[in-house]
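In what follows, a structure is listed as structure tokens, so that the remarks can point back to it.
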Amino acid sequence: MNRAVLWAALLLALGVAMSPGPARGASWPGVDEAVVERYATAAGRPPRAPLIAPGEGDMLLFLFLVAGAVGGFVAGYYFRALFPPKGKPGGASR
């Protein structure tokens with residue numbers, strides 16, 4: 001890879017890492033609250049409690065992380081069956 005591209009990517013990553021984030025305590029509404037909830041209320045469908053309440057915090061992010069890790073391990077284990085080498089139809093034999 002070209003050194004100029006590597007330096008540009010490094011400088012971009014460093015700039016993003018050093019940029020100030022949103023003010024502490026500031027809460028930005030999500031798409032659900034800002035858009036979907038407004039249109040649903042206008043259509044006569046007020047918000048209701050979810051069927052499966054994940055609770056507060058990052059529980060949903062943790063569950064997505066675990067599901068992605070499990071899926072990655074499964075895909076890695078069956079990699080040759082999913083993507084057989086060229087020239088060998090049906091995948092590699094064990």
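Just a few scattered comments:
- Counted residues, the range 33-55 - those being within 25 Å of the chain's Cα centre (by Cα), exposed (fewer than 10 other Cβ atoms within 10 Å of the Cβ) and of a type in the set (A, V, I, L, M, F, W, C): 4
- Some residue of the range 14-24 being surrounded by 10 or more Cβ atoms within 10 Å (Cβ to Cβ), modelled with pLDDT under 85 and out of contact with any strand residue (DSSP E or B) (no Cβ under 7 Å at 6 or more places or on another chain): yes
- Pairs linking a residue in the range 19-38 that is over 17 Å from Ala49 (Cα atoms) to a residue that is at pLDDT 70 or above and not small (Gly, Ala, Ser), with Cβ atoms under 7 Å and 6 or more positions apart or on different chains, are Pro22/Trp28.
- Taking the numbered list (1) surrounded by 10 or more Cβ atoms within 10 Å (Cβ to Cβ); (2) out of contact with any Phe, Trp or Tyr (no Cβ under 9 Å at 6 or more places or on another chain); (3) at pLDDT below 85 in turn, Ala67 passes all entries but (3).
- Within the range 70-94, considering residues that are in contact with a helix residue (DSSP H, G or I) (Cβ under 7 Å, 6 or more places away or on another chain) and surrounded by 11 or more Cβ atoms within 10 Å (Cβ to Cβ), the one modelled with the lowest pLDDT: Gly91
The values are calculated or read from the model by the stated rules, or taken from the named source; none is laboratory data. This structure is a prediction, so every number in the text was calculated from the model and none was measured. Don't worry about glycine lacking a Cβ; one is built from the backbone with ideal geometry, like all the others, and counts go over all protein chains shown.
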